[in-house]
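Worksheet for the structure shown next.
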Amino acid sequence: MKLFVRGLLATSLLLAGLIFAGCDSFSGDTGSPAATGSSSTNPAVVPTFHVGDTVSVVFSGIPGIADELPPHEETIKEDGNITLPLIGAVHAEGKTAGELQNEIHDRYVPNYYVRLTVTVKAGDLIYYVSGEVNSHGSREIYVGKTTVTQAITSAGGLTDFANPSKIMLIRADGQRIKVDYNEALQDQTKDPEIYPGDQVNVPRKFF
């Protein structure tokens with residue numbers, strides 16, 4: 001009798017353990033990140049081209065293609081376009097390098113070539129300093145925060161014929177900002193920062 005009772009008790013305990021184990025197994029499979037091992041991550045942001053950026057386009061994949069379509073480097077114009085041989089204007093603003101590369105390829109193939117490899121990448125970020133500076137028509141590489149007076153210094157400084165009070169900063173979008181060079185040297189708030197694609201023009205003074 002005692003053996004029967006002990007056996008019955010052991011069987012009950014075994015059944016209870018199986019029931020609890022089954023409950024634990026079900027409750028763990030909730031589909032939550034902790035249960036499934038998944039995690040939420042933000043996708044990487046792919047940079048896009050802007051007005052004033054420099055785009056470099058290289059054509060390859062066909063013997064002698066460099067003679068017909070030489071490497072092309074161009075600053076994106078105010079309308080957001082670059083202009084390529086045969087196909088004309090291509091809208092670059094707002095596109096990634098890969099998107100622009102695919103569009104250019106599809107404009108050439110098969111309309112002009114049976115096959116063609118197109119490689120697009122961002123060129124050097126540049127700004128321009130022109131007029132009465134010692135490096136006439138200076139094309140400067142943008143390497144970080146730069147102000148008008150710093151840009152002029154990079155271009156060799158003002159010539160003796162420069163009119164320092166009527167310097168014009170022309171943004172890539174066409175906005176024009178008048179800058180007085182001497183005032184800008186004394187007051188940083190009057191020395192605006194320049195960006196890729198901008199132009200700094202130093203006029204000649206009239207005697």
Based on what the data block shows, is THR117 surrounded by fewer than 16 Cβ atoms within 10 Å (Cβ to Cβ), in contact with a helix residue (DSSP H, G or I) (Cβ under 9 Å, 6 or more places away or on another chain), farther than 26 Å from ASP79 by Cβ and among the β-branched types (Val, Ile, Thr)?
yes
Of (1) small (Gly, Ala, Ser); (2) assigned by TED's automatic domain parsing to the domain that holds GLU68; (3) crowded, with 19+ Cβ neighbours inside 10 Å, ALA151 satisfies every one except (2)
Please verify whether ILE126 is among the aliphatic types (A, V, I, L, M), touching a residue at least 40 places away in the same chain (Cβ under 8 Å), touching a Phe, Trp or Tyr at 6+ places or on another chain (Cβ under 7 Å) and surrounded by 14 or more Cβ atoms within 10 Å (Cβ to Cβ), treating the condition exactly as stated.
yes
Considering only residues that are hydrophobic (A, V, I, L, M, F, W, C) and under 17 Å from LYS205 (Cα atoms), which ones fall in the stretch 130-148?
VAL133
Would the stretch 142-156 turn up any residue that is more than 30 Å from GLN188 (Cβ to Cβ) and either among the hydroxyl-bearing types (Ser, Thr, Tyr) or in a loop (DSSP other than H, G, I, E, B) (or both)?
no
Wholly enclosed strands (runs of 3 or more DSSP E) of the stretch 57-105 bearing at least 2 residues crowded, with 16+ Cβ neighbours inside 10 Å:
72-75, 81-84
Taking the conditions exactly as written (modelled with pLDDT of 95 or more and aliphatic (A, V, I, L, M)), does LEU125 satisfy them or not?
no
Give the stretch 70-96 a look and list any residue that's within 17 Å of TYR108 (Cβ to Cβ) and either in contact (Cβ under 8 Å) with a residue 40 or more places away in the chain or touching a Lys or Arg at 6+ places or on another chain (Cβ under 6 Å) (or both), or say none.
ILE87, ALA92, LYS95
Working only within the stretch 155-169, note down all residues that are surrounded by fewer than 18 Cβ atoms within 10 Å (Cβ to Cβ) and in contact (Cβ under 8 Å) with a residue 24 or more places away in the chain.
GLY157, THR159, PHE161, ASN163, LYS166, MET168
If you check every pair at least six apart or on different chains, which have Cβ atoms under 7 Å apart with a residue in the stretch 173-193 that is outside any strand (DSSP E or B) first and a residue that is at pLDDT 95 or above and of a type in the set (Asp, Glu) second?
ALA184/ASP191; LYS190/ASP180; LYS190/GLU183
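The values are calculated or read from the model by the stated rules, or taken from the named source; none is laboratory data. Every value quoted in this text rests on a predicted model; they were computed, and no experiment measured them. When we count neighbours, we look across all protein chains shown, and the Cβ atoms used for this are built from the backbone with ideal geometry, even at glycine.
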